[in-house]
1. Could you grab me the full set of residues in the stretch 243-273 that are without any contact (Cβ under 8 Å) to a residue 12 or more places away in the chain and touching a Ser or Thr at 6+ places or on another chain (Cβ under 8 Å)?
2. Given Gly268, Gly298, Gly272, which one is closer than 17 Å to Phe93 by Cα and either surrounded by fewer than 21 Cβ atoms within 10 Å (Cβ to Cβ) or at pLDDT 90 or above (or both)?
3. Of Arg231, Arg201, which residue is within 27 Å of Ser83 (Cα to Cα) and either surrounded by fewer than 21 Cβ atoms within 10 Å (Cβ to Cβ) or touching a residue at least 12 places away in the same chain (Cβ under 8 Å) (or both)?
4. When you look at Gln117, is it touching a helix residue (DSSP H, G or I) at 6+ places or on another chain (Cβ under 7 Å), at pLDDT below 90 and not small (Gly, Ala, Ser), yes or no?
5. Taking the stated definitions as given, is Ser129 over 23 Å from the mean Cα position of the chain (by Cα), assigned to a helix (DSSP H, G or I) and not aromatic (Phe, Trp, Tyr)?
6. Name, by its number, the condition in (1) more than 30 Å from Gly297 (Cβ to Cβ); (2) over 23 Å from the mean Cα position of the chain (by Cα); (3) among the small types (Gly, Ala, Ser) that does not hold for Ser79.
7. Being of a type in the set (Gly, Ala, Ser) and within 23 Å of the chain's Cα centre (by Cα) is the filter; apply it to the stretch 275-295 and report the residue that is modelled with the highest pLDDT.
Amino acid sequence: MAMKPKTSHYFSPNKGSSPNWRQHLRLWVGLIISMGGVWALCHQFWLYAQDHPVVLQALVGGSIAALATALGTVPVIFSQTMSQRTQDTLYGFGAGVMLAACAFSLVLPGLEAAQNQQVFGGGAWGAGSAVGLSILLGAAALMLLDRILPHEHFIKGREGPGSTTSTKLRRTWLFVIAITLHNFPEGLAIGVGYVGNEGVRANALATGIAIQDVPEGLVVALALLAAGYSRTFSVVLGMASGLVEPVGAVLGAVAVSSSLVLLPFGLGFAAGAMLFVISHEIIPESHRQGHETFATGGLMIGFVLMMLLDTALG
């Protein structure tokens, strides 16, 4: 019987046994090009930020808020339990901080800027009309996104088109969209606040939002854990949920600093977006489990704390 010659597996024509080096090469080339593009973008942003210090300040303020969100998820690494009453109190605390930030760090500076710029003819009526219209536009924009984008509230459930799909992957993206809708207005407020306020007062706004981001990050991670996600995934996504805040801060600062005429409108728009989140998301969820008294107490404490930060430091 004739013996078949042996062939080395290193030179085997079997395509399944050898890697597709062309595909790997394209992957690496694409990765290198993408990294180069990101580096070039970051370099151009750094050059822009050096000429516009307020944008750099907004980036730092938004990054601190994102870091505070990440810090809030740390307890979930060691414990996965927290009473619903405590969560509702933390929700109320965050709502109070955001309410005070809207009033003292966004609306009042917006009215002052509108009067200084003689918007709508100047005077109290003109300034109030400009800021009031901007508040309504900010709330309307968030309301439109809330209706268009499918997303999932941590307690109330899903809203928006296509909300009947129950796959876990889709639920993950619904959570991500909900977190983005929640956190982006906070970042926007930080960025616009640095343009419309003096340094100390703007820092007070960023500090207040960062303070309420700590319990917010904790509640987000706990909600993901309760929804069936792993502890690691819940912590990582909870930490990542704050990354949209520096993005919103930079966008807000760039948009408003490019034309100071937009300042009162930007402050009002950010306030309206935050008010929508407070009324539509945070307060209803803090009351849903029957702990209205504790949630209201948390709201009062948060409001007073942010008021003290703004008035004492500003």
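The values are calculated or read from the model by the stated rules, or taken from the named source; none is laboratory data. Keep in mind it's a predicted model, so treat the numbers as computed, not measured. A quick note on method: Cβ atoms are made from the backbone with ideal geometry, for glycine too, and the neighbour counts reach across all protein chains shown.
1. Once the filter is applied, which keeps residues that are without any contact (Cβ under 8 Å) to a residue 12 or more places away in the chain and touching a Ser or Thr at 6+ places or on another chain (Cβ under 8 Å), the stretch 243-273 yields nothing.
2. Numbers: Gly268 fails: closer than 17 Å to Phe93 by Cα; Gly272 fails: closer than 17 Å to Phe93 by Cα.
One residue alone meets the criteria, Gly298.
3. On the way: Arg201 fails: within 27 Å of Ser83 (Cα to Cα).
Going through Arg231, Arg201 in turn, the sole match is Arg231.
4. Numbers: touching a helix residue (DSSP H, G or I) at 6+ places or on another chain (Cβ under 7 Å): yes; at pLDDT below 90: yes; not small (Gly, Ala, Ser): yes.
Here the answer is yes, as Gln117 does meet what is asked.
5. Details: over 23 Å from the mean Cα position of the chain (by Cα): yes; assigned to a helix (DSSP H, G or I): yes; not aromatic (Phe, Trp, Tyr): yes.
Against the criterion (over 23 Å from the mean Cα position of the chain (by Cα), assigned to a helix (DSSP H, G or I) and not aromatic (Phe, Trp, Tyr)), Ser129 qualifies.
6. (1)
7. As a first pass, look at the stretch 275-295 and keep what is of a type in the set (Gly, Ala, Ser): 279, 286, 290, 295.
Next cut, within 23 Å of the chain's Cα centre (by Cα) only: 279, 286, 295.
On the way: Ser279: 89, Ser286: 86, Ala295: 92.
Restricting to residues being of a type in the set (Gly, Ala, Ser) and within 23 Å of the chain's Cα centre (by Cα), the top hit is Ala295.
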